[in-house]
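Below you'll find the structure, written out as structure tokens, and then a few comments.
The values are calculated or read from the model by the stated rules, or taken from the named source; none is laboratory data. Here the structure is a predicted model, which is why all the values come from computation and not from measurement. Here the Cβ positions follow ideal geometry from the backbone for every residue, glycine too, while neighbour counts run over all protein chains shown. When the accessible area is computed, the model is the full protein with side chains, heavy atoms only, and any ligands, DNA or RNA have been set aside. Shrake-Rupley method; radii C 1.70, N 1.55, O 1.52, S 1.80 Å.
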Amino acid sequence: MKRLSLTTSAIALSFVVAACTVPEKTEDAANAMPETVAEITEAPDHSEEIAAAYAFMERAEAELAAQSHIAAQAYWNQATNITPETNAAAAEAGAASTKLAVSLANESKQFDVSVLPTELARKFNMLRTGITIPAPSTAGAAEELSQITTRLDATYSTGRYKLKENTDSVLKLLGDLSEAERDDIVEKGLTLDQLSTLIENNRDPEVLKEVWEGWRTISPPMKGDYARMVDIANEGANELGFESLDQMWLSGYDMPPADMEAEVERLWSQVEPLYEELHCYTRAKLNDEYGDDVQPRTGPIRADLLGNMWAQQWSSIYDIVEPENTGEIPYDLTKRLNERGYDAIKMVETGEAFFTSLGLDPLPETFWERSMIVRPEGKEVVCHASAWNLDDEEDVRIKMCTEVNSEDFYTVHHELGHNFYQRAYKHQDYLYKTGAHDGFHEAIGDFVALSITPEYLEQIGLISEDEKPGADADTALLMQTALDKIAFLPFAITVDGWRWGVLSGETAPDAYNTAWWDLRLKNQGLVPPAPRPADAFDPGAKYHIPGNTPYLRYFLSFVMQFQFHKAACDQAGWEGPLHRCSIYDNKEVGERFNAMMEAGASQPWPDTLEEFTGTREMDGSAIIEYFDPLMLYLKDENATESCGW
């Protein structure tokens with residue numbers, strides 16, 4: 001055992017040191033000492049244990065792969081048609097998957113990782129840390145956990161809010177509705193899609209307040225289930241040798257958990273000054289729009305005024321914060337997509353064409369036959385956009401309720417990035433069929449989407465050469481991007497910052513909501529539009545909390561996508577501003593990009609990162625370079641403001 005070997009060596013060394021400090025012996029005494037011969041100890045033979053470990057891992061990967069295919073189909077059926085039957089089937093599949101993963105992880109403890117070859121040892125660590133929500137081996141625990149997670153997912157996905165006020169104005173704002181659609185809203189309430197549309201497009205603070213608070217009425221019933229789930233999952237993490245589930249999650253980055261937390265702090269410190277300037281500028285513009293009674297010019301920002309249900313991205317209020325006295329962007333991408341006759345299918349086809357322009361193979365025909373690209377009529381579905389791989393080979397799909405707008409145009413590129421990544425590493429062993437770390441998977445599609453520049457839009461015929469903005473419009477272009485990319489960063493660290501406190505036991509259930517808003521104020525400078533009720537569970541109103549999707553991956557991806565973008569533009573020989581670079585149709589970059597994806601998780605992520613970017617360290621400096629012109633503009637605009645909160 002590694003720890004025992006180290007201890008034994010330390011004892012041996014201390015004996016040698018002590019022997020060197022003994023007073024000199026007399027000659028007679030020395031002659032009386034028996035002659036000793038140094039013994040050479042052979043290294044122990046671990047060949048049998050290593051052979052057994054290889055055999056175990058081969059069996060484990062085969063069993064996990066087989067169960068993964070069964071569970072993926074059950075989860076897909078439930079996500080695309082939520083019924084009591086599909087919920088039950090998903091819960092059953094989830095319980096079986098959890099029991100298998102936990103059983104194999106516990107069984108793996110019989111092997112001493114320290115004596116195994118490096119690659120095999122890495123697989124053992126992945127097996128032990130790769131369970132998102134582990135259950136203990138206690139009878140019934142996996143089944144209870146799966147029922148809870150399925151129930152949480154269904155509660156979120158079917159949530160609706162019935163308007164108490166502003167009904168007529170809201171129905172008007174939703175545009176042309178059929179009589180059946182109006183009746184459905186009045187009888188059942190507004191879906192998240194409809195509520196989000198109102199948050200994005202409405203500028204009446206009273207309507208925004210009701211819609212924002214209304215969506216958060218769906219989550220208080222989740223709180224008891226969530227707290228129970230945390231207890232079960234922590235028992236599972238303990239059984240696998242971790243102090244708590246947050247430590248287990250943080251162990252999946254080829255470094256100790258404490259080092260990973262320090263890495264997040266380092267990366268955030270690189271980009272935090274840019275967020276603070278954006279916050280200051282946006283708050284002043286909101287004050288100009290709404291006045292002191294709604295949004296004061298100092299202090300935090302009201303979360304419902306930022307054009308997004310969770311205030312995680314702010315691009316929907318570009319009309320309020322649009323820079324003055326700079327060049328204009330002479331087109332509206334949403335309007336242009338509609339004018340050019342784009343529908344949901346054409347949006348996805350355009351996204352696919354970007355990847356194939358890099359030399360990657362087209363998506364299989366089954367992608368088009370099996371994906372859910374629009375919301376189906378007559379079914380309750382999980383509309384949250386996601387990419388799927390049902391067989392670890394070619395059965396890749398997306399699930400979206402796609403709308404023809406600029407936001408979903410970018411989202412399509414993001415989700416397809418997952419699919420092309422999934423297919424690229426299909427030849428790897430089962431445990432390596434994933435991203436180099438989870439941030440890689442999220443970064444791939446967004447890295448490609450950074451190439452959706454005016455130059456790219458001209459190349460695919462969405463704008464003409466005359467409509468391509470000049471250099472004087474760079475501030476406006478960068479502002480649009482920053483409202484999505486920079487505004488998101490502190491939200492991303494808030495979600496898992498809150499969750500780490502919950503999972504570690506630092507945050508008790510009765511403090512869930514207080515801790516949530518403490519972090520949102522600290523990291524984002526945001527407050528709710530009014531005091532929250534005592535039973536509020538606002539974290540549950542964000543999909544990734546009841547859906548148990550770790551969120552650190554998104555923070556890392558938002559840093560790394562700019563790092564990838566800069567590396568790719570350097571490879572392409574681009575010499576202009578980084579934000580104007582597009583790698584569309586560059587086969588040379590595509591070849592190196594595909595090589596990075598094909599590696600999957602088969603090597604430590606710094607190796608994969610270095611092969612594409614030339615550095616082994618995640619770094620936020622590319623973000624600073626990308627937004628440097630905007631940073632100068634913001635500092636100038638904020639010169640007379642009292643920034644901070």
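Here GLU179, GLU200, GLU187, GLU165 are screened, and the one residue that is at pLDDT below 95 and within 24 Å of the chain's Cα centre (by Cα) is GLU200. If only one of VAL396, VAL412 is touching a Leu at 6+ places or on another chain (Cβ under 9 Å), among the hydrophobic types (A, V, I, L, M, F, W, C) and at pLDDT 95 or above, which one is it? Matching residue, one of VAL396, VAL412: VAL396. When the stretch 163-203 is limited to residues that are assigned to a helix (DSSP H, G or I), touching a residue at least 24 places away in the same chain (Cβ under 8 Å) and small (Gly, Ala, Ser), the one that is most open to solvent (accessible area, probe 1.4 Å) turns out to be SER169. So is ASN287 polar (S, T, N, Q), over 26 Å from ASP438 (Cβ atoms) and open to solvent by 10 Å² or more (accessible area, probe 1.4 Å) or not? So ASN287 fits the description; yes. Inspect the stretch 221-235 for any residue being more than 22 Å from the chain's Cα centre (by Cα), within 23 Å of MET126 (Cβ to Cβ), of a type in the set (A, V, I, L, M, F, W, C) and open to solvent by less than 60 Å² (accessible area, probe 1.4 Å) and give the result as yes or no. Yes, the stretch 221-235 has at least one match.
If the condition is being crowded, with 23+ Cβ neighbours inside 10 Å and either within 21 Å of TYR253 (Cα to Cα) or touching a Leu at 6+ places or on another chain (Cβ under 9 Å) (or both), then the stretch 527-540 contributes only GLY540.
Go through the residues of the stretch 359-371 one by one and say whether even a single one is farther than 25 Å from GLN480 by Cα, open to solvent by less than 20 Å² (accessible area, probe 1.4 Å) and touching a His at 6+ places or on another chain (Cβ under 9 Å). Checking the stretch 359-371: not a single residue is farther than 25 Å from GLN480 by Cα, open to solvent by less than 20 Å² (accessible area, probe 1.4 Å) and touching a His at 6+ places or on another chain (Cβ under 9 Å). Only one entry of ASP496, ASP518 meets the criterion of being free of Cβ contacts under 8 Å to residues at least 12 places away in the same chain and part of a helix (DSSP H, G or I), and that entry is ASP518.
Criterion applied to SER108, SER114, SER97 was being part of a helix (DSSP H, G or I) and touching a Phe, Trp or Tyr at 6+ places or on another chain (Cβ under 6 Å), and the one residue passing it is SER108. Restricting the stretch 142-162 to residues that are outside any loop (DSSP other than H, G, I, E, B) and more than 30 Å from GLU239 (Cβ to Cβ), which is modelled with the highest pLDDT? Of everything passing the filter in the stretch 142-162, TYR161 is modelled with the highest pLDDT.
Of the numbered criteria (1) open to solvent by 10 Å² or more (accessible area, probe 1.4 Å); (2) within 30 Å of LYS162 (Cβ to Cβ); (3) hydroxyl-bearing (Ser, Thr, Tyr); (4) under 21 Å from the mean Cα position of the chain (by Cα), the one THR217 fails is (4). Scanning the stretch 419-439 for residues that are in a helix (DSSP H, G or I) and either open to solvent by 20 Å² or more (accessible area, probe 1.4 Å) or not aromatic (Phe, Trp, Tyr) (or both) yields ASN419, GLN422, ARG423, ALA424, TYR430, LEU431, ASP438, GLY439.
Taking the listed residues THR326, THR350, the one that is farther than 20 Å from HIS441 by Cα and in a loop (DSSP other than H, G, I, E, B) is THR326, with no other qualifying.
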